[in-house]
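Q: One structure, as structure tokens, below. Some questions next.
The values are calculated or read from the model by the stated rules, or taken from the named source; none is laboratory data. Since the structure is predicted, the reported quantities are computational estimates derived from the model, not experimental observations. Note: ideal-geometry Cβ built from the backbone for every residue, glycine included; neighbour counts use all protein chains shown. Remember, those area values only see protein heavy atoms, side chains included, never the ligands or the DNA or RNA. Shrake-Rupley method; radii C 1.70, N 1.55, O 1.52, S 1.80 Å.
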Amino acid sequence: MTIKEIQEEIIDEFSMFDDWMDRYEYIIELGKSLPIIEDQYKLDENLIKGCQSKVWLFSELENDVIKYTADSDAILTKGIAALLLRVYSGQKPNDILTAETTFIDEIGLKEHLSPTRANGLVSMVKQIKMYAIAQQTKLAN
């Protein structure tokens, strides 16, 4: 699936919920399904700066696509990471770099997060894109 198709699927899923408490519960459930990141990747260099909770993000290039893994010590943040990985993991670096992150606004996620969590969300997206730049550079060489 393309990034755009995955985002549309997420928007459809969130439209099924009438209120934000249900959406928060869904995000937390998504976090529980996030594969556990291996301890070897829980390093300071993989911590995302700008998050109030600890969030580790790791990427590796596999057959010209980036595979991301992530973890957090906060359940809601872990769910947000799971959403982002669903959109971006398994995609080509250039597709990640050119993708609009429209689903975040369309499901109203940023406006329903505390300012520090919203900053953390922006930091996670930035780090995902930074990894894509680094991996694209590897492909070019």
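Q: Can you give the local net charge around Pro35? Use residues other than it whose beta-carbon is closer than 14 angstrom to its beta-carbon, Lys and Arg +1, Asp and Glu -1.
A: Here the charged neighbours net out to +1.
Q: Given a 1.4 Å probe and heavy atoms of the protein chains only, how would you sort Met16, Met130, largest accessible area at the top?
A: Met16, Met130
Q: Can you tell me how region 1-47 classifies by the Cα gyration tensor, rounded, prolate or oblate, using a/c under 1.5 as the rounded cut?
A: Note, shape of region 1-47 comes out oblate.
Q: Just how far, in whole angstrom, is region 57-119 from region 1-26 if you go by their alpha carbon centroids?
A: 14 Å
Q: If DNA, RNA and ligands are ignored and the probe is 1.4 Å, what is the ranking of Lys67, Lys32 by accessible area, most exposed first?
A: Per-residue accessible area, sorted high to low, gives Lys32, Lys67.
Q: Now, a different point. May I ask for the net charge around Glu62, where only other residues with Cβ less than 13 Å from the Cβ of Glu62 are counted and Lys, Arg are +1 while Asp, Glu are -1?
A: The answer is +1.
Q: Leaving ligands, DNA and RNA out of it, work out the accessible area of Ser15 with a 1.4 Å probe and give it in Å² to the nearest 10.
A: 80 Å²
Q: Here is a follow-up. Solvent-accessible area of Glu111, probe 1.4 Å, all protein chains present, reported in Å² to the nearest ten, please.
A: 140 Å²
Q: Keeping all protein chains in place, calculate the accessible area per residue for region 1-71 (probe 1.4 angstrom), answer in Å².
A: With the other protein chains kept in place, region 1-71 gives 62 Å² per residue.
Q: Now for a different question. Would you please classify the overall shape of region 36-141 from the alpha carbon gyration tensor, given that a ≥ b ≥ c denote the square roots of the eigenvalues, rounded means a/c under 1.5, and beyond that prolate means a/b larger than b/c while oblate covers the rest?
A: Oblate is the answer for region 36-141, as a/c is 1.5 or above yet b/c matches or exceeds a/b.
Q: Based on the Cβ-Cβ distance of Asp22 and Thr102, what FRET efficiency does E = 1/(1 + (r/R0)^6) give at R0 = 22 Å, to the nearest 0.05?
A: 0.50
Q: Summarise the accessible area of the chain (1.4 Å probe, protein heavy atoms) by the percent that is carbon and sulfur.
A: C and S fraction of accessible area: 51 percent.
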